[in-house]
Amino acid sequence: MCGILGTFSGKGCPLSGDEARSIFTDLLLRSETRGREASGLALTTSLGMRLLRSPLSAHSLVDRSEYKRIFSDFGPFKESGIIGHSRLVTNGTQKKSINNQPVFRDRVVAVHNGILVNIESLWQQFPDLK
């Protein structure tokens, strides 16, 4: 199954961008054993929220410029939260971003660790869902 991870800092525990990236990267790489096909994160600070999803393993993602930039451009990390995901592909290819996590909709960020085994009956039961 997938790996789910996160880190949060409050007013009394500010982090620099380098510190936040170091802590989160360590957690993300350790979670990769739970899923190697895709990875991603959602980061929130006083500047807002950023989402990064990738059809790459955690080891590949952390080397990319987008990953490094999200931490250097989006601080300070005084009151922040970062949630991440390493995906083991079950339903849907990791090559389509919509299949990867974190998921963001209506100001809510979510990750999950599970396999939907009744997906066809759910689509039939709730035809208005997209």
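The values are calculated or read from the model by the stated rules, or taken from the named source; none is laboratory data. Note that this is a predicted model, so its numbers are computed, not measured. Every residue, glycine among them, receives a Cβ derived from its backbone with ideal geometry; neighbour counts consider all protein chains shown. For the accessible areas, the whole protein counts, side chains as well, though only heavy atoms, and no ligand, DNA or RNA atoms are used. Shrake-Rupley method; radii C 1.70, N 1.55, O 1.52, S 1.80 Å.
What residue, of 72, 65, 121, 46, is open to solvent by 90 Å² or more (accessible area, probe 1.4 Å), farther than 17 Å from residue 5 by Cβ and small (Gly, Ala, Ser)?
After ruling out the rest, the residue left standing is 46.
Among the residues of the stretch 23-38, count how many are under 12 Å from the mean Cα position of the chain (by Cα) and either open to solvent by 60 Å² or more (accessible area, probe 1.4 Å) or under 13 Å from residue 82 (Cα atoms) (or both).
4
Check residue 15 against each of (1) crowded, with 19+ Cβ neighbours inside 10 Å; (2) modelled with pLDDT of 85 or more and name the one condition it does not meet.
In the conditions (1) crowded, with 19+ Cβ neighbours inside 10 Å; (2) modelled with pLDDT of 85 or more, residue 15 misses (2) alone.
Conditions tested, residue by residue: (1) touching a residue at least 24 places away in the same chain (Cβ under 8 Å); (2) closer than 17 Å to residue 34 by Cβ.
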residue: 76; (1), (2): yes, no
residue: 79; (1), (2): yes, no
residue: 86; (1), (2): yes, yes
residue: 100; (1), (2): yes, yes
residue: 106; (1), (2): no, no
residue: 116; (1), (2): yes, no
residue: 122; (1), (2): no, no
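For the stretch 1-9, indicate whether the set of residues that are among the hydrophobic types (A, V, I, L, M, F, W, C), out of contact with any strand residue (DSSP E or B) (no Cβ under 9 Å at 6 or more places or on another chain), closer than 15 Å to residue 101 by Cβ and modelled with pLDDT under 90 is non-empty. Walk me through how you get there before you give the answer.
So in the stretch 1-9, the residues among the hydrophobic types (A, V, I, L, M, F, W, C) come out as 1-2, 4-5, 8.
Within this subset, residues satisfying the condition of being out of contact with any strand residue (DSSP E or B) (no Cβ under 9 Å at 6 or more places or on another chain) are 1.
Checking the rest, the ones that are also closer than 15 Å to residue 101 by Cβ come to 1.
Those still in the list that are modelled with pLDDT under 90 too: 1.
The answer is yes; a qualifying residue exists.
Collect the residues in the stretch 112-126 that are among the polar types (S, T, N, Q) and part of a loop (DSSP other than H, G, I, E, B), keeping them in residue-number order.
Initially, the stretch 112-126 is screened for residues among the polar types (S, T, N, Q), giving 113, 118, 121, 124-125.
Of everything in the stretch 112-126, those that are among the polar types (S, T, N, Q) and part of a loop (DSSP other than H, G, I, E, B) turn out to be 113, 118.
Specify which of the listed residues (52, 5, 27, 41) is outside any strand (DSSP E or B) and either farther than 27 Å from residue 123 by Cβ or of a type outside the set (A, V, I, L, M, F, W, C) (or both). Don't jump to the end; show me each part of the working.
On the way: 52 fails: outside any strand (DSSP E or B); 5 fails: outside any strand (DSSP E or B); 41 fails: outside any strand (DSSP E or B).
One residue alone meets the criteria, 27.
Within the stretch 50-61, track down each residue that is open to solvent by less than 70 Å² (accessible area, probe 1.4 Å) and within 22 Å of residue 112 (Cβ to Cβ). Explain how you work it out, then say what you get.
If we filter the stretch 50-61 for residues that are open to solvent by less than 70 Å² (accessible area, probe 1.4 Å), which is where we start, we get 51-52, 54-58, 60-61.
The answer is 51, 52, 54, 55, 56, 57, 58, 61.
Is it fair to say residue 109 is assigned to a loop (DSSP other than H, G, I, E, B) and either open to solvent by less than 60 Å² (accessible area, probe 1.4 Å) or of a type in the set (Asp, Glu) (or both)?
Numbers: assigned to a loop (DSSP other than H, G, I, E, B): no; either open to solvent by less than 60 Å² (accessible area, probe 1.4 Å) or of a type in the set (Asp, Glu) (or both): yes.
Considered against the rule, which asks whether it is assigned to a loop (DSSP other than H, G, I, E, B) and either open to solvent by less than 60 Å² (accessible area, probe 1.4 Å) or of a type in the set (Asp, Glu) (or both), residue 109 comes out as no.
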